[in-house]
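Q: Here it is, the structure, as structure tokens.
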Amino acid sequence: MARVRERNQTAIIEAASQYFAQFGYAATKVADIAKQANIPKPNIYYYYNSKDNLYRAVLESVTEPLLQASKPIQELDDPIEALTAYIQAKLMISRDHAYASKVFANEVMSGGQSLPKDIEQELQQQSEMIIAKFDSWIAQGRMEAVSSHHLMFTIWAATQTYADFGWQICRVMKKNKLTKQDYSDAAEFLTTMILKGCGVKSINDNSL
């Protein structure tokens, strides 16, 4: 029974993510989500009670991975290891939660009016943690004196663009869909650009 519930909820979230991303909250109908998920409309209300709750569940499906993605920054002392893992995790979110990522981006661009306050607070705390960690690496001489704010914004933009502008990226690369290798190549490129561009040094580098 639990497995059926999990399968149904996954199908609902995937369908809802697609519709909210493509049509926005107001224009999306629960009936359309139910049809896309191949699940009776009453079942959606059984699991989520309301359209508002379903929208929150879609946001949580991407904000939870986003919050988890920064754990390497928080827990690792070596900036090379931490940044490499963070960039990789952010790209995997764009790959595995593309529609939900677009819903989140649309929410942010609209001023976060429907973003639940607890999620907003957690994301703000995460941002402050990342900036503080970058500042500490700069103070230790592990990174050049770059702007911690703009470094964080650059990583956000460079990784999330693979979800938000996926259609355009595929067109330019003449592909219907990006492959795992494409994301691996992107992670390698972005990591190299960030590490070299910011003069990041390993904690094992004794040249300081």
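The values are calculated or read from the model by the stated rules, or taken from the named source; none is laboratory data. All of these numbers come straight from a predicted model, not from anything done at the bench. Cβ atoms come from the backbone with ideal geometry, glycine included; neighbour counts cover every protein chain shown.
Q: What tally of residues in the stretch 96-133 results from selecting those that are more than 13 Å from Ala69 (Cα to Cα), among the aliphatic types (A, V, I, L, M), loosely packed, with under 15 Cβ neighbours inside 10 Å and modelled with pLDDT of 95 or more?
A: 1
Q: State which residue pairs qualify: first residue surrounded by fewer than 17 Cβ atoms within 10 Å (Cβ to Cβ) and inside the stretch 170-187, second residue assigned to a helix (DSSP H, G or I) and among the acidic types (Asp, Glu) in any location, beta carbons under 9 Å apart, and separation of 6 or more residues or different chains.
A: From residues that are surrounded by fewer than 17 Cβ atoms within 10 Å (Cβ to Cβ), the pairs are Met173/Asp182; Lys175/Asp182.
Q: Enumerate the pairs (first residue in the stretch 137-157 and free of Cβ contacts under 8 Å to residues at least 24 places away in the same chain; second residue anywhere and surrounded by 12 or more Cβ atoms within 10 Å (Cβ to Cβ) and among the acidic types (Asp, Glu)) with beta-carbon separation below 6 Å, excluding pairs fewer than 6 apart on the same chain, so at least 6 apart or on different chains.
A: Partner pairs satisfying both residue conditions: Ser148/Asp135.
Q: Of the residues that make up the stretch 68-76, is at least one under 20 Å from Thr159 (Cα atoms), small (Gly, Ala, Ser), at pLDDT 95 or above and out of contact with any Cys (no Cβ under 9 Å at 6 or more places or on another chain)? If you could, list the steps in order and put the result at the bottom.
A: Applying the first criterion (under 20 Å from Thr159 (Cα atoms)) to the stretch 68-76 yields 68-74.
Those still in the list that are small (Gly, Ala, Ser) too: 69-70.
With the extra rule that they be at pLDDT 95 or above, the set shrinks to 69-70.
So of that shortlist, the ones also out of contact with any Cys (no Cβ under 9 Å at 6 or more places or on another chain) come out as 69-70.
Checked the stretch 68-76: at least one residue is under 20 Å from Thr159 (Cα atoms), small (Gly, Ala, Ser), at pLDDT 95 or above and out of contact with any Cys (no Cβ under 9 Å at 6 or more places or on another chain).
Q: Looking at Ile93, is it buried (at least 19 other Cβ atoms within 10 Å of the Cβ), over 22 Å from the mean Cα position of the chain (by Cα) and not acidic (Asp, Glu)?
A: Details: buried (at least 19 other Cβ atoms within 10 Å of the Cβ): yes; over 22 Å from the mean Cα position of the chain (by Cα): no; not acidic (Asp, Glu): yes.
In short, no.
Q: How many residues does the stretch 76-90 hold that are part of a helix (DSSP H, G or I) and either more than 24 Å from Pro116 (Cα to Cα) or free of Cβ contacts under 8 Å to residues at least 12 places away in the same chain (or both)?
A: From the stretch 76-90, those part of a helix (DSSP H, G or I) are 79-90; that's our starting set.
Among the residues that remain, those that are also either more than 24 Å from Pro116 (Cα to Cα) or free of Cβ contacts under 8 Å to residues at least 12 places away in the same chain (or both) are: 79-88.
Total meeting the criteria: 10.
Q: Next question, about the same structure. Being more than 24 Å from Asp182 (Cα to Cα), touching a residue at least 60 places away in the same chain (Cβ under 8 Å) and more than 15 Å from the chain's Cα centre (by Cα) is true for just one of Lys35, Lys133. Which residue is that?
A: Details: Lys35 fails: touching a residue at least 60 places away in the same chain (Cβ under 8 Å).
Answer to the selection: Lys133.
Q: Here's something else I'd like to know. Evaluate the stretch 15-34: report whether one residue or more is of a type outside the set (Ser, Thr, Tyr), out of contact with any strand residue (DSSP E or B) (no Cβ under 9 Å at 6 or more places or on another chain), surrounded by fewer than 12 Cβ atoms within 10 Å (Cβ to Cβ) and not in a helix (DSSP H, G or I).
A: So the first thing to find is which residues in the stretch 15-34 are of a type outside the set (Ser, Thr, Tyr), and the list is 15-16, 18, 20-24, 26-27, 29-34.
Next, only the ones that are out of contact with any strand residue (DSSP E or B) (no Cβ under 9 Å at 6 or more places or on another chain) stay: 15-16, 18, 20-24, 26-27, 29-34.
Keeping just the survivors that are surrounded by fewer than 12 Cβ atoms within 10 Å (Cβ to Cβ) gives 26-27, 31.
Now restrict to residues that are not in a helix (DSSP H, G or I): none.
Checking the stretch 15-34: not a single residue is of a type outside the set (Ser, Thr, Tyr), out of contact with any strand residue (DSSP E or B) (no Cβ under 9 Å at 6 or more places or on another chain), surrounded by fewer than 12 Cβ atoms within 10 Å (Cβ to Cβ) and not in a helix (DSSP H, G or I).
Q: Sticking with this structure for a sec: Go through the stretch 39-75 and give me each residue that's closer than 27 Å to Lys90 by Cβ, free of Cβ contacts under 8 Å to residues at least 40 places away in the same chain and surrounded by 17 or more Cβ atoms within 10 Å (Cβ to Cβ).
A: Those that are closer than 27 Å to Lys90 by Cβ, free of Cβ contacts under 8 Å to residues at least 40 places away in the same chain and surrounded by 17 or more Cβ atoms within 10 Å (Cβ to Cβ): Pro65, Ala69, Pro72.
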